[in-house]
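All remarks here apply to the structure that follows.
The values are calculated or read from the model by the stated rules, or taken from the named source; none is laboratory data. Quick caveat: nothing in here was measured; it's all calculated off a predicted structure. With ideal geometry, Cβ positions are generated from the backbone for all residues, glycine too; neighbour counts draw on all protein chains shown.
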């Protein structure tokens with residue numbers, strides 16, 4: 001029984017970890033391609049979720065149509081962000097770009113709330129709910145179906161992304177830009193297109209994250225806070241590594257669940273808020289470049 | 001035409017290194033001081049003190065603190081909210097444990113406690129840089145607030161989990177608690193902030209300031225001319241946190257009178273102070289004041305114009321405020337990354353020639 | 001020689017059998033040479049020969065896997081850069097490493113940091129000893145500014161200065177440390193002829209007037225031959241030759257390394273200048 005409970009805790013942690021990984025992947029994509037530490041990634045997920053619910057509620061669109069429309073909105077948003085913000089900040093220091101995304105987070109949050117209202121919304125696009133009968137009957141494990149679906153979708157998404165980056169022309173261009181901006185520009189890769197593309201992809205990843213999280217606990221302001229949870233994931237995985245984001249997300253997800261269940265009661269609970277950060281911090285002291293990040297040799 | 005340095009020759013290095021090198025600046029500053037100390041206290045009322053002047057002064061102090069760390073030393077911190085909290089809780093514990101203790105000493109001790117905590121969380125800065133460090137400071141933010149929330153010792157085991165400030169006097173004048181007069185709280189805060197602002201200005205134009213800026217601009221080169229990175233960064237963390245801690249103590253004791261960890265010292269507070277130094281100007285003491293003034297006044301003006309003027313619902317106005325704040329931040333970053341302080345300098349440059357074009 | 005005769009003293013720095021590698025890539029292998037007091041020592045070699053790595057080893061930025069460094073009679077394996085600074089080693093960089101956000105004056109003032117003693121409390125008060133100290137060092141820095149003829153750009157942020165002047169400010173910052181050993185990494189790279197001449201003049205004056213020992217990396221052979229007392233030649237991380245400018249110039253290995261094939265003709269070396 002003890003073992004079964006532990007297993008349930010780990011699985012639940014893994015599935016939460018998948019969510020963290022999703023947000024972290026959005027971060028990594030943008031950071032790799034433009035060196036922007038995008039603080040707005042969480043708000044992007046909130047905004048995508050709000051838009052999706054809004055389209056379904058206000059215009060009565062069926063879920064599949066609303067999702068396509070939301071993808072359209074996210075691409076338009078990426079285009080706007082490039083046009084209004086990024087373009088004017090080329091060659092600025094990273095800290096300036098980071099703070100610009102802080103501003104962007106505020107804008108998006110205010111905007112989403114004004115258009116769609118700030119009350120908690122229920123998101124139901126027909127994803128299965130409740131416990132998985134198969135696991136419950138067969139093994140006595142209680143696992144949410146939704147979370148299993150989320151894990152499957154996230155895995156599929158990662159595979160699609162991997163193919164996109166490895167096989168397509170624009171994927172190669174993206175990797176070139178990630179490697180060296182100047183060199184990529186000099187062989188005729190348009191930075192504009194690249195930026196719009198990564199922000200669009202990050203927007204779509206945010207939509208997936210928003211849908212998953214929203215189906216579980218409704219679309220509300222707290223959704224934007226998962227960005228804060230994704231930060232320690234990035235530290236663990238390294239800022240530029242997609243596999244790192246995935247593994248980091250899983251470690252943090254499991255780590256904080258296990259800690260909350262087994263350690264929480266002794267210190268008054270609610271340690272989920274900071275445990276991930278402490279884990280990341282301790283990790284940083286030993287391996288500053290992250291799990292999969294490259295070791296930096298400083299040159300002068 | 002009236003603002004220029006013609007005829008004001010500097011004959012010693014001392015005069016060349018003064019804060020105000022131009023006589024007009026010195027006079028303006030003096031006038032400002034006379035107004036702040038001699039005129040404002042006679043016209044001040046409760047609303048003006050608690051909604052405008054106290055928040056402005058206290059946030060300016062916190063902004064100076066963060067500016068020392070982020071603007072001068074280049075270490076991005078997102079833990080300001082929690083460090084304000086450390087100052088506040090330290091002040092609370094001190095005043096309740098030692099009721100006879102002079103409040104000025106309480107302020108200093110609160111600053112010192114915060115400095116120690118800040119330096120502890122600054123330790124990772126030896127190994128990690130930039131955003132990685134920012135995440136480390138976030139760890140401080142969440143962990144510290146959690147502590148204040150979970151450990152009853154911090155709020156003296158009371159049922160609400162809140163802390164509230166008992167009335168205290170300085171030189172026989174009541175400056176904390178609900179009965180304190182607005183002029184008294186204002187003058188006390190003004191004096192404290194002014195003294196610390198002068199100290200900060202001196203620090204940043206001396207050896208410490210140059211060492212911080214060297215670390216900020218190029219840490220490798222700094223090390224090679226003999227600056228020890230860890231000591232220098234820790235000093236910045238310590239002094240910065242001291243300032244933030246004093247600001248936190250003032251915020252809780254003199255301005256708000258009561259506080260609750262998650263509400264008052266959350267991550268929003270960290271961002272607010274960060275915005276102040278971005279908009280005011282990174283690496284500028286003057287900018288810290290400008291940024292604090294801007295961020296304190298803007299919501300008040302927005303609220304007045306939108307809720308009272310246009311008749312919008314308060315919730316909508318709040319959301320509008322978010323958007324406008326975001327837009328302003330992006331706008332400033334694009335147009336003038338050095339903030340209001342730089343704009344102020346440009347205005348002064350223009351004034352030198354005015355009304356002639358060249 | 002157009003400058004007055006200098007007195008070359010005892011050995012100031014000796015590196016023995018230095019080997020340095022980065023994850024399998026050998027930057028230096030078994031390099032030994034010495035630098036004597038008051039001399040100008042040039043380190044030359046083709047790109048990637050390990051010249052900058054050598055300077056980085058000397059001032060403690062890189063830690064060699066093998067070998068010993070003897071500086072002022074003290075033997076050491078490695079140290080931190082700030083310790084090197086404390087012991088009187090200053091340097092400039094190939095790619096200028098100035099503090100971009102600060103003025104020329106402040107940049108050079110940072111070179112005096114090690115010599116400033118007043119703690120933060122005095123500094124915060126900016127009173128008495130702190131002011132006195134600040135002004136003393138300001139005076140020392142003004143002398144350097146005069147020496148380098150950069151009075152006009154005293155208050156200009158260095159980010160806005162042209163390349164040649166930035167190099168000069170960087171030299172100024174190193175000088176402010178009053179070093180015993182000054183390491184210059186390509187002090188004249190990317191300069192035009194007049195700027196180079198100015199820079200040469202500063203280097204010679206320094207050596208003459210203050211007796212500063214100088215180790216410099218330079219590609220301009222004309223400059224190297226004119227300035228240096230002795231020359232070290234590195235190639236692929238190995239010591240190729242060591243001797244006076246004339247000896248090195250006539251060394252067959254050196255000529256081979258520079259030209260790829262053995263022709264044995266000094267003219268071509270000078271031509272490379």
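Would you mind finding the one in B:242, B:275 that is over 26 Å from residue B:187 (Cβ atoms), touching a residue at least 40 places away in the same chain (Cβ under 8 Å) and in contact with a helix residue (DSSP H, G or I) (Cβ under 8 Å, 6 or more places away or on another chain)?
B:275
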Six or more apart or on different chains, Cβ under 7 Å: which pairs go from a residue in the range C:22-34 that's free of Cβ contacts under 8 Å to residues at least 40 places away in the same chain to one that's surrounded by fewer than 13 Cβ atoms within 10 Å (Cβ to Cβ)? Could you list them? C:22/A:297
Give the range C:89-107 a look and list any residue that's surrounded by 15 or more Cβ atoms within 10 Å (Cβ to Cβ), more than 11 Å from residue C:173 (Cβ to Cβ) and more than 10 Å from chain B (Cβ to nearest Cβ), or say none. C:94, C:103
The lone exception for residue B:13 - which of (1) in contact with a helix residue (DSSP H, G or I) (Cβ under 9 Å, 6 or more places away or on another chain); (2) closer than 20 Å to residue B:349 by Cβ; (3) free of Cβ contacts under 8 Å to residues at least 60 places away in the same chain it fails: (2)
Given (1) touching a helix residue (DSSP H, G or I) at 6+ places or on another chain (Cβ under 9 Å); (2) in contact (Cβ under 8 Å) with a residue 24 or more places away in the chain, number of the condition residue B:303 does not satisfy: (2)
Candidates A:49, A:112 - the one that is away from chain B (no Cβ under 14 Å), under 19 Å from the mean Cα position of the chain (by Cα) and modelled with pLDDT of 80 or more: A:49
Of all residues making up the range B:43-55, the number that are within 16 Å of the chain's Cα centre (by Cα) and either without any contact (Cβ under 8 Å) to a residue 12 or more places away in the chain or within 15 Å of residue B:249 (Cα to Cα) (or both): 2
Counting only helices (runs of 4 or more DSSP H) wholly inside the range B:243-358, the ones holding at least 1 residues that are under 29 Å from residue B:143 (Cβ atoms) and away from chain A (no Cβ under 12 Å) are B:261-264, B:267-280, B:285-303
Looking at (1) touching a helix residue (DSSP H, G or I) at 6+ places or on another chain (Cβ under 9 Å); (2) modelled with pLDDT of 85 or more, find the lone condition where residue A:68 falls short. (1)
Quick check on the range B:191-204: of everything there that is crowded, with 19+ Cβ neighbours inside 10 Å and touching a residue at least 12 places away in the same chain (Cβ under 8 Å), which residue is nearest to the other protein chains (Cβ to nearest Cβ)? B:203
Do we have residue B:322 as touching a helix residue (DSSP H, G or I) at 6+ places or on another chain (Cβ under 6 Å) and either surrounded by fewer than 19 Cβ atoms within 10 Å (Cβ to Cβ) or within 20 Å of residue B:76 (Cβ to Cβ) (or both) here? no
Single residue of C:182, C:175 found to be touching a residue at least 40 places away in the same chain (Cβ under 8 Å) and not in a helix (DSSP H, G or I): C:182
Can you confirm whether the range B:20-32 contains a residue that is modelled with pLDDT under 90, exposed (fewer than 15 other Cβ atoms within 10 Å of the Cβ) and within 14 Å of chain C (Cβ to nearest Cβ)? yes
Can you tell me which residues in the range C:146-169 are within 12 Å of chain B (Cβ to nearest Cβ) and surrounded by fewer than 20 Cβ atoms within 10 Å (Cβ to Cβ)? C:154, C:155, C:157, C:159
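Can you find a residue in the range B:110-121 that is within 14 Å of chain A (Cβ to nearest Cβ), in a helix (DSSP H, G or I) and at pLDDT 90 or above?
yes
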For the range C:85-100, give me each residue that is outside any loop (DSSP other than H, G, I, E, B) and touching a strand residue (DSSP E or B) at 6+ places or on another chain (Cβ under 8 Å). C:89, C:90, C:91
Filter the range A:68-97 for residues that are in contact (Cβ under 8 Å) with a residue 60 or more places away in the chain and surrounded by fewer than 19 Cβ atoms within 10 Å (Cβ to Cβ); which is farthest from the other protein chains (Cβ to nearest Cβ)? A:71
Among the residues in the range B:131-151, are any closer than 30 Å to residue C:126 by Cα and crowded, with 17+ Cβ neighbours inside 10 Å? no
Is there a residue being part of a helix (DSSP H, G or I) and farther than 21 Å from residue A:36 by Cα anywhere in the range A:187-199? no
Restricting to the range A:29-46, count the residues that are under 15 Å from the mean Cα position of the chain (by Cα), farther than 16 Å from residue A:77 by Cα and in a helix (DSSP H, G or I). 3
Extreme residue, nearest to residue C:83 (Cα to Cα), among residues of the range B:218-231 that are more than 7 Å from every other protein chain (Cβ to nearest Cβ) and surrounded by fewer than 23 Cβ atoms within 10 Å (Cβ to Cβ): B:229
